[in-house]
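Student: Dumping the structure here so I can ask a few things about it.
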Amino acid sequence: MNKTARILSVAAVAAFTAFGAQADETDASQFATQFETNRTRAEVQSEAATVAQTRSQEPAGSRVVTYKSNADRAAVRAQAAQAVRTGQIPSGEIGSRM
């Protein structure tokens, strides 16, 4: 009896969830949108051509900015080593715990 009741309760829950999932219109009328306009097709096409000419095809932020450095590699390495020795910047695994 207990097993039968469990199966029936699971079937009832499944039936209620299936009913709730299909509670929308069957013709998908919520997606239908009506447009009324007084512009001609030629006006819309000319506007689209103008916008396409003024827009860049490159996504914003995709270009990397480059610059020339005047610093000497040896000088930069010596400054970094000095900063590690004086404790200004962390080094190794112990540095990440500070």
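Student: Keeping all protein chains in position, work out how much accessible area T86 exposes to a 1.4 Å probe, and write it in Å² to the nearest 10.
Tutor: 80 Å²
Student: What is the sum of charges, Lys and Arg at +1 and Asp and Glu at -1, for the other residues whose Cβ falls under 12 Å from the Cβ of Q79? Before the final figure, lay out the partial values.
Tutor: Values: positive: R73, R77, R85; negative: D72.
Combined, the nearby Lys, Arg, Asp and Glu give +2.
Student: Note down the accessible area of E58, probe 1.4 Å, to the nearest 10 Å².
Tutor: 70 Å²
Student: Once fully extended, how much extra length lies between D72 and S9, figured as 0.36 nm per residue of separation less the alpha-carbon to alpha-carbon distance?
Tutor: Working: separation 63, 0.36 × 63 = 22.68 nm, distance 7.72 nm.
Full-extension gain reported as 15.0 nm.
The values are calculated or read from the model by the stated rules, or taken from the named source; none is laboratory data. For clarity, every value in this text was computed on a predicted model and none was experimentally measured. Quick reminder, even Gly has a Cβ in these numbers, built from the backbone with ideal geometry, and neighbours come from all protein chains shown. All accessible areas refer to the heavy atoms of the entire protein, side chains included, with ligands and DNA or RNA removed. Shrake-Rupley method; radii C 1.70, N 1.55, O 1.52, S 1.80 Å.
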